[in-house]
Structure formats: structure tokens, C-alpha cells
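The values are calculated or read from the model by the stated rules, or taken from the named source; none is laboratory data. Given the structure is predicted, the values throughout are model-derived calculations rather than measurements. Neighbour counts are summed over all protein chains in view; Cβ atoms, including those assigned to glycine, are modelled from backbone coordinates with ideal geometry.
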Amino acid sequence: MRDSMRDAPRQGRTVLTGARVVQPAGTVEDARLTVEDGRVASVAPRDAAAGRRDDPAAPRDGGEPAGTDLRGHWIVPGFVDIHVHGGGGASFSGGTHEQARTVIDTHRGHGTTTMLASTVTGDLDDLARQAGVLAELAEDGELAGIHFEGPFISPHRCGAHQPSLLRDPEPADVRKLVEAGRGQTRMLTLAPELPGGLDSVRLLADSGVLAAVGHTDSSYDAVRDAIEAGATVATHLFNAMPVLAHRAPGPVAALLEDERITVELIDDGVHLHPAVLRLAFRHAGRGRIAFITDAMGAAGMGDGRYPLGPLEVDVRDGVARLVDGGSIAGSTLTLDTAFRRAATVDGLPVADVVDALSATPARLLGAYDRIGSLEPGKDADLVVLDDDFALAGVMRKGAWIIEPGG
């Protein structure tokens, strides 16, 4: 059942004081962040804000306004995940509202306040039916849209996708999935070297859908052609594509070097070595990297056996692999864990991590006017982290999902 009130902004005012608030222009130390009716009203140093009469949180009677003291914490924008398949034991490919809501709620509880619902390779009619359910949730504001990963991918780089269900990206088939999303199809991953690949990239670009290069056996030149045709995203760079070689640079070089490409990276310590992640970050630069989870149903759960579309996955020590063949099958990552790893293990500046988890994917979705940073007028989507970057609170549109200290 649809529940349009579930996503309604919280009415009223919330004041958060004392934390370090990360904004595009820099970090505000010992800040006062005020939320009014589901939106960020102001961010300023606490002492300065308390003395401003035009600040919504400024006292009207000479006293200190009530607020939540978050000294020793960080406040960062809510995370934006453009590539997530499942979590909480459920999957977006399950084809039901209940499963989709379980995935949404699981990742919101880890700081992801905006997400695309990613499918896995399946029969076209089944994918169209899944799209109908997901489109309804997107129309209600629960999702930012739909991402089809497969079936238009290379059989040589299919990873955790059923080989028997793969097909060439014939434009008519691609159009069928785009239209099944009822205006909510936001991204589609394909292998551009396959027959129909470049024509389908053009179709996606003309339709306002992000064309993502992934699960590809393309050469360097074939990917360059796809970029010229309108491709703008690299699906989990390095994974499910040829390695970077000095005489055959392949997709990795083409995707890293072109400033039109937003690069997805999975920072879970399994998919990428930290040195490779840092290399990609240095080469692409801040503003082109989007951290994703590529999470399957085991995210937020424990080890065990889980479905991934028509395939089965064993999760051991948090690593997901296909029962048949042992290929890595997505991740069990959540974005709060990705934040902590990036800021500690990888040693990335906090501002760069925030950009990769919030601002860059928000810009890619064309939603940076509403989300992706903590600026006045934007949705009050935020994450509270302690001094060790562990999750302490999550707010979406002014309503606490996890209240600090609660």
C-alpha cells in the first residue's frame, strides 16, 4: 500500500549545537545548525549565531534556545547511493513493496537518505514488472529512481548476473525498460561494445537517462566512442571490466581520464585495494568520484545464504560470493562504513569523503538544489558521526530516523 505521508517533511524546528558541520565552503567548528519545517534554515558558528537577531534559532528573550548538544561530533549531509540492490535480507529485485521498503529502511538506518533502486539481470518482462513497483515508490518520494544493471552486459564480464539471461542492448529492448519505469528510470548500465550498444547509449542520453558503462569487455577506443555517444557514468570502476594494462589501457583509462564521467567506487576493502582507490581519487579528482555500496540483501545482516536475482550467494566474514563459481556478488557494505573506512584506512580528507558520498551523486542525479550539502533551503538530510566517524544519528527531511543518544 502506498503511504504518501511516510515521506512528509517534519514540521517544526530543531536546533543542533556544538558539532563540526561540513559545508561546501569548509567546516564550521562549534556550529549551530537550525532546521525549520524539514529544511536547513541556517548554519553558523554557535557564538555568532546566538547574537544574530535574524537567525531562526537566535533567542527572542535573551536566553539560550533549546537544542541538542552535539559537541565532539560531525554533522555531514545525508548519503546518496546511486547503486544499491538490497539490504536487511531483502532485495529491490524481489518485486514487492515490502521487500523494497525493507531495503530502503535498512540503508536509511545507516545514513543513506537518498538512493536509486538497482535491479539485477532478469527476463525483460520480469524487470518491467519490478520497475512498476519501484516506480510507484519513486513517485511517492521513497526512492530517487531506478537503475537497471543488466541484462545488456558482456557475458565475458557478467560477474553475479545470470549468463543465460543476458542479451544485446537492442534499442527497442532498452526503450522497453526505460518506459517501464514511468519516468523514474534514472540510469542503465550496459556494455557498449555489444551490438546496438552505441545506439542505445544515444537513446538513453536523448531520454534523459544516465548511460553507465559497466560489466564490459570493451577496448579503450570502444569506451571513448560510448562517451562521445553520451555515456556519463562508470559502473563500479575496475570491477567487471578488463584490467588497466600498459599496451591495452581498456575501459579503466578511458573512464578515468574523461572529465564527463562520474566514477563509481566500492570502498569495502574487498572490491578495491586502498592504493587503487587512492589512485582513482587522485586521477579523477574531487567532484567525479561517487562512493556506492552495490549492496545485496545481506547488507545490515549476518553471514548466510541469500538470493541475488535468480542466483544464490554465500556470505562469509561479510564477503558475498556466488554459490556457483565463487565470483564476488555485490557487497554487504553500508555507506556509513564506507565513510569511516575512507576517512581512516584510506586517509582521505573528510571534505573529499563528503563530496563522494553526497554532493557528487546528488549532482549526477540533478538534485543538488535539494540535497547533497547542508546549505540553507535544502532538505534537512543529515548524518551525525562521532569523533571516530561511527554513526550516531540520521535525519531525513527534518525527522530523526536515528536520534543521537536515543
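Taking strands (runs of 3 or more DSSP E) that fall entirely within the range 356-406, which contain at least 1 residues that are buried (at least 21 other Cβ atoms within 10 Å of the Cβ) and touching a Ser or Thr at 6+ places or on another chain (Cβ under 6 Å)?
Once the strands (runs of 3 or more DSSP E) in the range 356-406 are filtered for at least 1 residues that are buried (at least 21 other Cβ atoms within 10 Å of the Cβ) and touching a Ser or Thr at 6+ places or on another chain (Cβ under 6 Å), what remains is 391-396.
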Inset, instruction - Could you grab me the full set of residues in the range 278-296 that are part of a helix (DSSP H, G or I) and either more than 17 Å from ALA343 (Cβ to Cβ) or not assigned by TED's automatic domain parsing to the domain that holds VAL263 (or both)? - result: LEU279, HIS283, ALA284
Legend entry - Checklist (1) of a type outside the set (A, V, I, L, M, F, W, C); (2) crowded, with 19+ Cβ neighbours inside 10 Å; (3) assigned to a strand (DSSP E or B) applied to GLU312, failing item: (2)
Legend entry - Residue match in the range 166-185 (condition: surrounded by 24 or more Cβ atoms within 10 Å (Cβ to Cβ), touching a strand residue (DSSP E or B) at 6+ places or on another chain (Cβ under 7 Å), closer than 14 Å to VAL84 by Cα and not acidic (Asp, Glu)): no
Inset, instruction - Scan (1) under 18 Å from the mean Cα position of the chain (by Cα); (2) under 20 Å from HIS85 (Cα atoms); (3) surrounded by 24 or more Cβ atoms within 10 Å (Cβ to Cβ) for the single condition LEU277 breaks and write down its number. - result: (2)
Inset, instruction - Considering each residue of the range 245-258, count those that are hydrophobic (A, V, I, L, M, F, W, C), buried (at least 18 other Cβ atoms within 10 Å of the Cβ) and not in a helix (DSSP H, G or I), and give that number. - result: 0
Inset, instruction - Can you tell me which residue within the range 167-196, out of those that are without any contact (Cβ under 8 Å) to a residue 40 or more places away in the chain and touching a His at 6+ places or on another chain (Cβ under 9 Å), is farthest from MET241 (Cα to Cα)? - result: LEU190
Inset, instruction - Return a yes/no flag: does the range 222-243 have any residue that is surrounded by fewer than 18 Cβ atoms within 10 Å (Cβ to Cβ), hydrophobic (A, V, I, L, M, F, W, C) and without any contact (Cβ under 8 Å) to a residue 60 or more places away in the chain. - result: yes
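Condition check ((1) crowded, with 24+ Cβ neighbours inside 10 Å; (2) touching a residue at least 60 places away in the same chain (Cβ under 8 Å); (3) touching a strand residue (DSSP E or B) at 6+ places or on another chain (Cβ under 8 Å); (4) within 24 Å of ASP173 (Cβ to Cβ)) across all residues:
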| residue | (1), (2), (3), (4) |
| --- | --- |
| ALA90 | yes, yes, no, no |
| THR96 | no, no, no, no |
| ALA131 | yes, no, yes, yes |
| ALA138 | no, no, yes, yes |
| GLU142 | no, yes, no, no |
Legend entry - Test: GLY250 is on the phi > 0 side of the Ramachandran plot, more than 17 Å from the chain's Cα centre (by Cα) and either free of Cβ contacts under 8 Å to residues at least 12 places away in the same chain or not assigned by TED's automatic domain parsing to the domain that holds ALA338 (or both): no
